[in-house]
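No value in this document is a laboratory result; all are computed from the given coordinates. Source: prediction; values computed, not measured. A quick note on method: Cβ atoms are made from the backbone with ideal geometry, for glycine too, and the neighbour counts reach across all protein chains shown.
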Amino acid sequence: MEVPRHTGFPVAFLGARVLASYDNAPSRVRNAERSRVTAGRRREGLRQNVVMTRSIATNTDVDLAGLLEFVRPRHHMIVIARRRDGSPQASPVTGGVDHQGRIVISTYPDRAKSNNLRRDPQCSVLVLSDDVGDAWVQVDGSAEVIDAPDSVEPLVEYFRSISGEHPDWQEYREAMIAQGKSLIRLTPLRWGPIATGGFPARLADG
C-alpha cells in the first residue's frame, strides 16, 4: 500500500510494516487537503475569468458638441492650474456646463486655484465619470474667476447645471453673497479624446 506523504498524522511502525491509512487520517488532514484542491480550482477559475473579461483601452475623438454632451452629465472634475513657479496645482471639484458651453466651478476668492488662475488663466480640467474606472477626458482652456456680487447669477446657472431647480432661489442668492462665493468659468480651447482604460489593442487576443 502506498503511504501518503506529509499528511500530518502519526505513522506507527511494526517491524517493516507501516500501519497507516489516509482514509483513517484525522478529519483536519482531510479537510486541509480538500481546501488545497478547492483553492487551486478557484485560482484557475479566476485566471480564466481574467482572460474572458479583458477590456481594451479606447480613445474617441469628438468635436465640441460631442465633448459637451460627454461633460454635461459628469460633475467629478480635477482643475489643474499653474503655480507661480510653473508647477501644476490640482484641485478636486464639482463642475457643470453653462448655456454657452463653458465649464463652471464654484469656489472661494482666496483658494489656491483662484489665485493661480487670476495670475495665469491657462489651465486644464480632467472630467471623470462617477465610476473612476470609466471614461474621462482632459479639457484645456482659458479660465476667468468671477467674484461676488457678479458671481451670483452665474452661480445660479452653475447650480442648475448640476442639481436642477433650487426650492428657494432668493435664499440661494443671499447665501452666495453671505459666503462670498466665486465662480471659475473655463472656455474649452482644446481637448483630448474621450478615453477609457484597459489593455492595448494589440493584446486583445492575448
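Run the simple label-point estimate for Arg202 and Ala90 please: 7 Å along Cα→C-beta, distance reported in nm.
Modelled inter-label distance: 2.7 nm.
Considering only the other residues whose Cβ falls under 14 Å of the Cβ of Gly164, what net charge follows from Lys and Arg at +1 and Asp and Glu at -1?
Net charge around Gly164: -1.
Per residue of the range 81-97, what does 6.51 cos²θ - 1.76 cosθ + 1.60 with θ = phi - 60° give for ³J(HN,Hα)? Whole Hz please, x for Gly and Pro, Karplus curve as stated.
Running phi through 6.51 cos²θ - 1.76 cosθ + 1.60 with θ = phi - 60° gives 9, 10, 6, 4, 7, x, 6, x, 10, 9, 9, x, 9, 10, x, x, 10 Hz.
I need the GluC sites (Glu not before Pro) found in the range 106-200, filtered to DSSP loop residues with at most 10 other beta carbons within 10 Å of theirs.
Hits after loop and neighbour filter: Glu165.
What residues have an amide H closer than 5 Å to that of Gly101, excluding those fewer than 5 places away on the same chain, when H is modeled at 1.01 Å from N in the peptide plane?
For Gly101, no residues qualify.
Please rank Ser142, Ser182, fewest neighbouring Cβ atoms within 10 Å first, as an exposure proxy.
Ser142, Ser182
Where does each of 122-128, 65-71, 195-201 land if you order them by average Cβ count within 10 Å, highest first?
122-128, 65-71, 195-201
What ranking of Asp85, Asp168 emerges when the number of other C-beta atoms within 10 Å of each C-beta is taken as an exposure proxy, fewest first?
The most exposed by this proxy come first: Asp85, Asp168.
What is the spin-label model distance, in nm, from Glu171 to Asp147 if the labels are put 7 Å beyond Cα along the C-beta direction?
Taking the simple label geometry, Glu171 and Asp147 are separated by 2.9 nm.
For a quick check: with amide H placed at 1.01 Å from N, whose amide H comes under 5 Å from Gly198's, ignoring anything fewer than 5 positions away on the same chain?
Placed amide hydrogens put Ala57 under 5 Å from Gly198.
Evaluate E = 1/(1 + (r/R0)^6) for Ile56 and Ile162, where r is the Cβ-Cβ distance and R0 equals 30 Å; express this FRET efficiency to the nearest 0.05.
0.40
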